[in-house]
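What follows is a single structure, written as structure tokens, with notes after it.
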Amino acid sequence: QVKALKAFMFARMYRHPHVMNSMTRAKDVVADLFAAFNADPVKLPADWAKACGLPGEASTVSVVRDYIAGMTDNFALREYARVFHRDVAL
């Protein structure tokens, strides 16, 4: 019964197309933010940007990674709208 329940949950909940679409959009938001901040660290808040090196340098990658890692979903969406001047929904 446990195996049947797990199969049901994966098919109908965890891997449901709606959930998978949201996950894909969320991954795209994170990837786009990472690329934008890494290419132009000035787009980061000033206190974060001053810790960066040149675009693409290891120090910049590390700062951008940490900045994004600390984001909530809602904050990431607000940052996406700020950086790209368009809203995105998950």
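The values are calculated or read from the model by the stated rules, or taken from the named source; none is laboratory data. A quick note: this is a predicted structure, and the numbers were derived from the prediction, not measured. Glycine also receives a Cβ, built like all others from the backbone with ideal geometry; neighbour counts cover every protein chain displayed. All accessible areas refer to the heavy atoms of the entire protein, side chains included, with ligands and DNA or RNA removed. Shrake-Rupley method; radii C 1.70, N 1.55, O 1.52, S 1.80 Å.
How many of the residues making up segment 2-59 are open to solvent by less than 50 Å² (accessible area, probe 1.4 Å) and either touching a residue at least 60 places away in the same chain (Cβ under 8 Å) or among the charged types (D, E, K, R) (or both)?
Final tally of qualifying residues: 3.
In segment 16-75, which residues are closer than 22 Å to residue 86 by Cβ and β-branched (Val, Ile, Thr)?
Listed by number, the residues that qualify are 24, 29, 30, 42, 64, 68, 72.
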